[in-house]
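Novice: Structure in structure tokens, see below.
Nothing in this text is a laboratory measurement; each read-out follows from the coordinates by a stated rule. Since the model is a prediction, treat every value here as computed from it, not as a measurement. Note that each Cβ is placed from the backbone with ideal geometry, even for glycine, and that neighbours are counted across all protein chains shown.
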Amino acid sequence: MASTPTRFERALLRDGDLLLREPVEADVPAIVAGCRDRLTQEWLPLPDPYDESHARGFVADFAPRQLDSGAGIVCALEHQGDYAGMIDCKKTDWRGRTTEIGYWVMPGHRGHGLAGRAARLLADWALCDQGIERVEIRAATGNFGSQKAALAAGFQREGVLRSAGFVHAGRVDLVVFGKLRSEVGSVGGAGSATGQRTS
Ligand SMILES: CC(C)(COP(=O)(O)OP(=O)(O)OC[C@H]1O[C@@H](n2cnc3c(N)ncnc32)[C@H](O)[C@@H]1OP(=O)(O)O)[C@@H](O)C(=O)NCCC(=O)NCCS
């Protein structure tokens, strides 16, 4: 029996004009702008005010620690060469082979289906290449944009967890979406993702 992996491999993931790559220091100004945005602050309990030191710590400390510890992988989302947002796998359980995807998209890049495409790319790579069996997305019941992205990525809506999350305004119920390895390419249409290892 193959040994259980304990962390994600660093990778460049590509789907046409969409690229998921390691976040770098040059992303800091865009990360600050994206995390200060009203809609991002409404649905993600990020520091408020969000300043440059938060973004620098996110790139230099949090992201590498997530990868090294096995907790997940943090990716910058690029669209046609522009920084367009952030997506990650988090809360990874390597024994149970489960992980959870989270994302935000830069205000100027919203409404073009990027979150759904990026979630499909990352989820399908985790399921097909990294030994993960189940990926979840959790979105507040009022966050219809995020729920739309989860469905577009081929996830199935599974139910509502009461008071399972929190935002700045208080506790929220979360809709749980799941995608299984056996469903890659069969739910919501086949993806065209390609992964390329970088180390
Ligand atoms: C949720 C989010 C990631 C969706 O990303 P996206 O790439 O814009 O997703 P889509 O293009 O599929 O658009 C989803 C919905 O967002 C809304 N939307 C469209 N354009 C928008 C814009 N310019 N600004 C804000 N919302 C917009 C629409 O309701 C759209 O659904 P519709 O196409 O049926 O009208 C993005 O709105 C975001 O970053 N939100 C703040 C952070 C967040 O909520 N993260 C998820 C936490 S679970």
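Novice: How high is the relative contact order of the chain, in percent, counting Cα pairs under 8 Å that sit 6 or more residues apart?
Specialist: Details: 384 pairs, mean separation 45.7, N = 199.
Reported relative contact order: 23 percent.
Novice: Near Gly57, within a Cβ-to-Cβ distance under 12 Å, what is the net charge of the other residues, with Lys and Arg +1 and Asp and Glu -1? The partial results should precede the final answer.
Specialist: On the way: positive: Arg56, Arg65; negative: Glu25, Asp51, Glu52, Asp61.
Cβ neighbours under 12 Å give a net charge of -2.
Novice: Separate question: Can you tell me, using C-alpha contacts under 8 Å and at least 6 residues apart, the relative contact order of the stretch 26-123 as a whole percent?
Specialist: 20 percent
Novice: To the nearest 500 deg cm²/dmol, what mean residue ellipticity at 222 nm is calculated for the chain from DSSP H runs of n ≥ 4 alone, each contributing -39,500 (n - 2.57), summed and divided by the residues? Show your work: numbers first, answer last.
Specialist: Numbers: 6 runs with 53 residues, N = 199.
The helix contribution divided over the chain gives -7500 deg cm²/dmol.
Novice: Next up: Grab the other residues whose beta carbon is less than 14 angstrom from that of Ala26, score K and R as +1, D and E as -1, and report the net.
Specialist: Cβ neighbours under 14 Å give a net charge of -4.
Novice: Could you bin all the Cα-Cα distances of the stretch 11-134 into 10 Å bins starting at 0 and give me the percent of pairs in each, rounded to whole numbers?
Specialist: Calculated over all Cα pairs of the stretch 11-134, the distribution is 13, 46, 35, 6 percent.
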